[in-house]
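The values are calculated or read from the model by the stated rules, or taken from the named source; none is laboratory data. Bear in mind that the values here come from a model prediction, so they are computed numbers and not experimental data. Here the Cβ positions follow ideal geometry from the backbone for every residue, glycine too, while neighbour counts run over all protein chains shown.
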Amino acid sequence: MTDLVEKNIHCPYCSEVIAILIDPSEPEQSYVEDCQVCCQPILLDVVIDETDAIEVYARQENE
């Protein structure tokens with residue numbers, strides 16, 4: 001079982017900082033998660049490189 005990694009992102013709608021949990025066992029991921037503050041759907045693209053660095057790109061679902 002893989003431990004989840006917590007990352008902070010800025011909501012592309014309300015600009016609040018929110019924490020998301022990432023499964024590091026998948027090197028490329030795309031999914032929608034609702035903002036915990038404004039409840040808008042955020043499209044998340046997660047990329048984990050060969051050094052295990054995690055990049056998270058958050059954008060509005062309708063972009």
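Points worth noting:
- Residue pairs meeting the criteria (Cβ under 8 Å; at least 6 apart or on separate chains; first of a type in the set (Lys, Arg), in region 50-63; second in a loop (DSSP other than H, G, I, E, B) and surrounded by 10 or more Cβ atoms within 10 Å (Cβ to Cβ)): ARG59/PRO12
- Only residues that are surrounded by 11 or more Cβ atoms within 10 Å (Cβ to Cβ), within 17 Å of ALA53 (Cβ to Cβ) and at pLDDT 95 or above were counted in region 23-39, giving 1.
- Restricting attention to region 16-28, the residues that are farther than 20 Å from ASN62 by Cβ and in contact with a strand residue (DSSP E or B) (Cβ under 8 Å, 6 or more places away or on another chain) add up to 9.
- Scope region 1-16; condition loosely packed, with under 10 Cβ neighbours inside 10 Å and among the hydrophobic types (A, V, I, L, M, F, W, C); matching residues: MET1
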